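Written below as structure tokens is the structure these notes are about.
Bear in mind these aren't lab numbers, they're just calculated from the coordinates by the rules spelled out. Not measured: the values here are computed from a predicted model. In this analysis, Cβ positions are derived from the backbone assuming ideal geometry, glycine residues included, and neighbour counts consider all displayed protein chains.
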Amino acid sequence: MPRFTPEFLDELKSRLRPSDVIGRFVKLKKRGNAWWGLSPFKPEKTPSFSVDDRRGTYHCFSTQNHGDIITFLIETQGMTFPEAVERLAADAGLELPAENPEAAARAEKAKGLAEACAAAAKFYQAMLHRADGREAMDYLRGREITDAQIEAFAIGFAPSGRNALKDYLLNKDFPEDVLVDAGLLIKPEDGGASYDRFRNRIMFPILGGRDRVIAFGGRALDPNARAKYLNSPETPLFHKGSVLYNFNAARAASAEDKQPLIVCEGYMDVIALWGAGIKRGVAPLGTALTEDQLALLWRSSDEPILCFDGDSAGVSAAHRSVDRALPMLKPGKSLNFAFLPEGQDPDDLIRAEGAAAMTEVLGKARPLVDVLWSREISIRPLDTPERRAALRSHLRGLVKEIADKDVRGAYGEELSRRLDAEFRPPERRPAYGEGARQGGNPFRGGGPGGQAGWRGQKGPNQKGQGFRYAAPARPTPGLKGPSQWAREASFILAAVNHPAIVERHEDAFFGLELADPGLKALLGEILAAISTDPTLDSAGLKSHLSQTGAAGILERVTQDPQLKKHWRLRPEAEIGEVELGFQNALAHHLFESTLKQEVARSASQIFTEGDGAWKAAAAAREELINSSKPEEAEGDEGDSPRRLTDALERMKQTVDKKFGR
């Protein structure tokens, strides 16, 4: 039986007028039988938001958002359904139903713990204003904390005595075991007397649902204290990794301002932001952001700003947040990062330079992808092809961690563009706007030559159809006849009929240099699809490719009569045979596209040194050429890659011997 029955929800909504509930968040004016105001969902100058008390609903004509008072709190305040119902039930004076006796018992226990925490908060507040709290108050004044901030955050002081809070609450008839379960007292395991957990500390109440106190954070006044900050332990009320300090007030301010939440590192930063007029600040409780806290943030803010100190520790904390958030990214849900001047936190900056300086820092917040990219290109040297290849491979691995398919593809596109801009020689970089056709995208087939186009790019006469490649009717000019096209197309057909070959030879596929632009585009689509969904089989891959701009070249490849003769490329071939054929074809392709040029350059150098050296080099070159005859690609033993390698090595040895290297 659900906790909130339809009868209960109907009773709840019947007790509250929508205009009263919504009127707390939107300024409404009565016109006829309805109330009207500016949309809470988008900026506007003319009211288009209507609330109808008779029907119990609201409707936004500019965004088409529609619902009741529960929906309104969910959509505008970032609440969950239970949170919204609980908040409205409290407003209506309606007791929440319990699911079963066990749940009722838990609810009753939680109520007792919450009441104890609320009483403790009042005690701590009172102590701050007494003689015992003078040192704590002096500390707060030294940090420029005003009375308004003290009141807004219910800041208090825990006296240094071992039993100050205990005696107070026991006299209020709170059972000792309740105070222990609430985390207010410590009960020694040896059976000794319990004592106050927080002593000689400035106290910050931590609020949960319905703004009830569920825990505390305490800052030590003694510089020699074992822990500068101390939080309540895990309790039935308090789970540290699921709570953010000041979350309830901050999300309401965020909804009102239509600005993102700001995540700081500590209580004092949040309080300092509030004093500067920025009331959207929250803080994790002494740890890095957890998955639950990220989900909590994204319920209220699409792109919250994580604010970190500008020192190495702050940057490291930002990087940990990147790693934690990356797998969880969703369309429209990400993080931005603001870095303060080195050695300063928000509290320091605001006290030193004022609210304007903090606003400027927040205005320069960088998206998650920027922070990720900066980290990856700075943590390793990138001065050799091998090191750049390692970066490319590592980035592919990071992209694969993203669970959402659409975000994963978008990150692949963006990081590919950055790799291309960073490492492609200027003379080979495409002009602005040509990246969709020529960009070196490792996630869509991008080796150094740029094997792939980007999906969704528009040409000058297209409307969102993406760049489309026409399959050439004859071999592309500049290619050396049909055999070269067939050799390049064989890689494509192997991947289409056997996607597993890509996983087995990922680096080889992502590093392929293809001369034919149509094949290059098709390879990019293949690699993008497999990177996005590694479980794709041949049928699924073909179905996907048929919807892309490379569909025409796909048809030509799959229907080419010359390729159909190669049994290792057929769908029914065993993966081991496909792999052997791929390795042989790759060896010949590398020879034709790369090694020949290296041999020619070496031979030309030797030619200038004398006839004897030239003849030796020419003989090695001839052996290399003879070892790469295309028909060997279909041989049973498939040893041509080794023969090519050995011949090239002999060629290099000839060069090295001549030049004394």
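Net charge around L289, counting only other residues with Cβ within less than 10 Å of its Cβ (Lys, Arg = +1; Asp, Glu = -1)? Could the numbers behind the result be given before it?
Details: positive: R320, R324; negative: E291, D292.
With Lys, Arg at +1 and Asp, Glu at -1, the neighbours total 0.
In order along the range 570-585, the Karplus-derived 3J(HN,Hα) couplings, from 6.51 cos²θ - 1.76 cosθ + 1.60 at θ = phi - 60°, round to 6, x, 7, 5, 5, 4, x, 5, 4, 5, 5, x, 4, 4, 5, 4 Hz, and Gly and Pro are given as x. The local environment of N163, defined by Cβ-Cβ distances under 12 Å, has a net charge of +1 under the rule Lys, Arg +1 and Asp, Glu -1.
Is the range 138-206 best put as rounded, prolate or oblate by its Cα gyration tensor, with a ≥ b ≥ c the root eigenvalues, rounded for a/c under 1.5, and otherwise prolate when a/b is larger than b/c, oblate when not?
Numbers: a/c = 2.85, a/b = 2.16, b/c = 1.32.
Prolate shape, in that a/c is at least 1.5 and a/b is the bigger ratio.
Computed from point charges on the beta carbon alone (+1 for Lys and Arg, -1 for Asp and Glu), the dipole magnitude for the range 48-203 about its Cα centre is near 520 Debye.
Overall shape: oblate for the range 247-374, with the ratio a/c of the largest to smallest alpha carbon gyration tensor axis at 1.5 or above and b/c at least equal to a/b.
Would you mind getting me the FRET efficiency between L94 and Y139? Use the beta-carbon distance for r and R0 = 30 Å, nearest 0.05. Intermediate results must be reported in sequence, preceding the final value.
Numbers: r = 43 Å, r/R0 = 1.44.
Here the calculated transfer efficiency is 0.10.
Suppose R0 equals 45 Å. What FRET efficiency, 1/(1 + (r/R0)^6) with r the Cβ-Cβ distance, do R299 and E577 give to the nearest 0.05?
On the way: r = 52 Å, r/R0 = 1.16.
About 0.30, to the nearest 0.05.
The phi torsions of the range 120-126, fed into the Karplus equation with coefficients 6.51, -1.76 and 1.60 and a -60° offset, translate into couplings of 5, 4, 5, 4, 4, 4, 5 Hz, rounded to whole numbers, with Gly and Pro shown as x. Positive contributions from Lys and Arg (+1) and negative ones from Asp and Glu (-1), summed over other residues with Cβ under 14 Å from the Cβ of I501, come out at -4.
The overall shape of the range 482-574 is rounded: from the C-alpha gyration tensor, with semi-axes ordered a ≥ b ≥ c, the ratio a/c is less than 1.5. For G67, the residues whose amide H sits under 5 Å from its own are Y58, ignoring neighbours fewer than 5 places away on the same chain, with H placed 1.01 Å from N.
Between S62 and S374, residue separation times 0.36 nm minus the direct Cα-Cα distance comes to 108.4 nm. Whole-Hz Karplus values for the range 345-353 come out as 10, x, 4, 4, 5, 5, 5, 7, 10 Hz, taken residue by residue from phi with 6.51 cos²θ - 1.76 cosθ + 1.60 and θ = phi - 60°; glycine and proline positions read x.
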